[in-house]
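Accompanying notes for the structure given below.
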Amino acid sequence: MLSVEFDRFGPPEVLEVRERPEPLPAEDRVRVQVRARTANVSDVELRRGDTPQRLKELGLAFPAVLGWDFVGILLDPTPTLPAGSAVAGFVPWLGSEVGRGTYAEVISIKPQWVAALPPDLDPARAAVFAMNALTGAQATDRMGPLEGANILIVGAGGPVGMSAATAAAAAGAHVYVTGSMADDALATHGYAGVISRGTPEEMAVAAREAVPGGMDAVFNAAVAGPGLIRAVKDGGTFVSIHVADKNEPERGIAVEKVVVQADPSRLTSLLTTALLDRIRIETLPLDQAREAHERLERGDLAGRKIVLVS
Ligand SMILES: NC(=O)c1ccc[n+]([C@@H]2O[C@H](COP(=O)([O-])OP(=O)(O)OC[C@H]3O[C@@H](n4cnc5c(N)ncnc54)[C@H](OP(=O)(O)O)[C@@H]3O)[C@@H](O)[C@H]2O)c1
């Protein structure tokens, strides 16, 4: 099988396409023939070695394989799904699976990370949400009561923010969004308003013009910098998603950090055509992962996500 590996941190050129034996059946693991996985920005950060100490502490060993999410076909049965089932999910790359990701044609993973893929969904589009939909939904769990609440989601053009906005609106929140797809989202999804993208301070000012007392909760799905927290009302909630988020608690505001957790049945229910149809993607064969990373670093994707297919 093909596997995309790297032997040291560095530029996209460190990614090597190699032929490896497929993983063998193993106790407490199931194998998945992977059809699609996303080239995420976090893969770029991990390949570059932005946080080497953290990866060392997790026990990263080279050669390492990137990749969080997967959509594919089960090669072994799980307690709830037969072999041959279409599945989706993600592996805890910054946890037990450090260095053993999904940039390979066949992976061996724990059955509790596997969700049934609803029928008729495009595998490449589903891959973009296999981790990100749960992340967004679990972010809304941290926002406090949603019914009637004013919520700002910064970065609702990306799959994490988009999923959070969808979940919060479904729970009865008045959802304000930023993001390049926000105008379209407002027209078609009934959000309360669009905040123009700007500096964190500018977005906070605009949010307070929309809701003078401040938002009940703000979700920083874009890793916008310090100052964004000023959009939150006194005693409200600020939800962050990345170690690089430097917004600090103030005025009694709770700062919650989201680390996505596997939840197969919730993931299956989140993966709907309505959500998948809203993302723009581009596919590349898995063996062109290096090109995908070059393009992610150049930032010339204009809101599209790159999915590596095999
Ligand atoms: N903690 C976890 O467990 C976990 C899990 C999954 C992902 N993540 C993280 O979640 C974040 C979002 O992922 P994603 O795939 O949805 O990202 P994405 O596709 O890159 O989308 C990011 C969104 O943020 C917007 N944006 C970027 N910089 C901005 C800025 N300075 N101010 C305002 N908006 C800005 C973009 O706006 P435009 O639409 O205008 O371009 C886009 O809407 C990433 O940092 C990822 O690493 C964390």
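Summary of values
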item	result
Residues (open to solvent by less than 20 Å² (accessible area, probe 1.4 Å) and farther than 22 Å from Glu201 by Cβ) located in segment 234-265	Val258
Boolean, Ala116 is open to solvent by 10 Å² or more (accessible area, probe 1.4 Å) and closer than 23 Å to Pro12 by Cα	no
Residue match in segment 64-86 (condition: within 18 Å of the chain's Cα centre (by Cα), part of a loop (DSSP other than H, G, I, E, B) and surrounded by fewer than 16 Cβ atoms within 10 Å (Cβ to Cβ))	no
Top-ranked residue of segment 266-308 - restricted to ones that are away from the ligand (no atom under 16 Å from the Cβ) and open to solvent by less than 50 Å² (accessible area, probe 1.4 Å), ranked as farthest from Arg35 (Cα to Cα)	Thr268
Every pair of residues 6+ apart whose Cβ atoms lie under 7 Å, when the first sits in segment 125-153 and is without any contact (Cβ under 8 Å) to a residue 60 or more places away in the chain while the second is open to solvent by 30 Å² or more (accessible area, probe 1.4 Å)	Leu146/Ala171; Glu147/Ala171
Filter pass, Ile281 being in contact (Cβ under 8 Å) with a residue 24 or more places away in the chain and either acidic (Asp, Glu) or farther than 17 Å from Ala168 by Cβ (or both)	yes
Residue check for Ala133: of a type in the set (A, V, I, L, M) and closer than 17 Å to Lys257 by Cα	yes
Residue tally, condition in contact with a Gly (Cβ under 9 Å, 6 or more places away or on another chain) and either near the ligand (Cβ under 9 Å from one of its atoms) or at pLDDT below 95 (or both), over segment 221-240	4
Criterion: assigned to a helix (DSSP H, G or I) and either closer than 24 Å to Val260 by Cβ or within 11 Å of the ligand (Cβ to nearest atom) (or both) - qualifying residue of Ala127, Ala204	Ala127
Glu57 being away from the ligand (no atom under 15 Å from the Cβ), open to solvent by 60 Å² or more (accessible area, probe 1.4 Å) and either part of a loop (DSSP other than H, G, I, E, B) or basic (Lys, Arg) (or both)	no
Subset of segment 169-183 [in contact (Cβ under 8 Å) with a residue 40 or more places away in the chain and open to solvent by less than 10 Å² (accessible area, probe 1.4 Å)]	Thr178
Odd one out for Gly136 among (1) open to solvent by less than 20 Å² (accessible area, probe 1.4 Å); (2) outside any loop (DSSP other than H, G, I, E, B); (3) touching an Asp or Glu at 6+ places or on another chain (Cβ under 9 Å)	(3)
Any hit, segment 87-100, residues being assigned to a loop (DSSP other than H, G, I, E, B) and open to solvent by 50 Å² or more (accessible area, probe 1.4 Å)	yes
The one condition in (1) within 15 Å of the ligand (Cβ to nearest atom); (2) more than 19 Å from the chain's Cα centre (by Cα); (3) crowded, with 22+ Cβ neighbours inside 10 Å that Ile107 fails to fulfil	(1)
Count of segment 1-50 residues which are open to solvent by less than 50 Å² (accessible area, probe 1.4 Å), closer than 24 Å to Ala244 by Cα and assigned to a loop (DSSP other than H, G, I, E, B)	3
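The values are calculated or read from the model by the stated rules, or taken from the named source; none is laboratory data. This is a predicted model, so every value here is computed, not measured. Ideal geometry is used to build each Cβ from the backbone, glycine not excepted, and the neighbour counts take in all protein chains shown. To get the accessible areas, we keep the full protein, side chains included, count just its heavy atoms, and leave off ligands, DNA and RNA. Shrake-Rupley method; radii C 1.70, N 1.55, O 1.52, S 1.80 Å.
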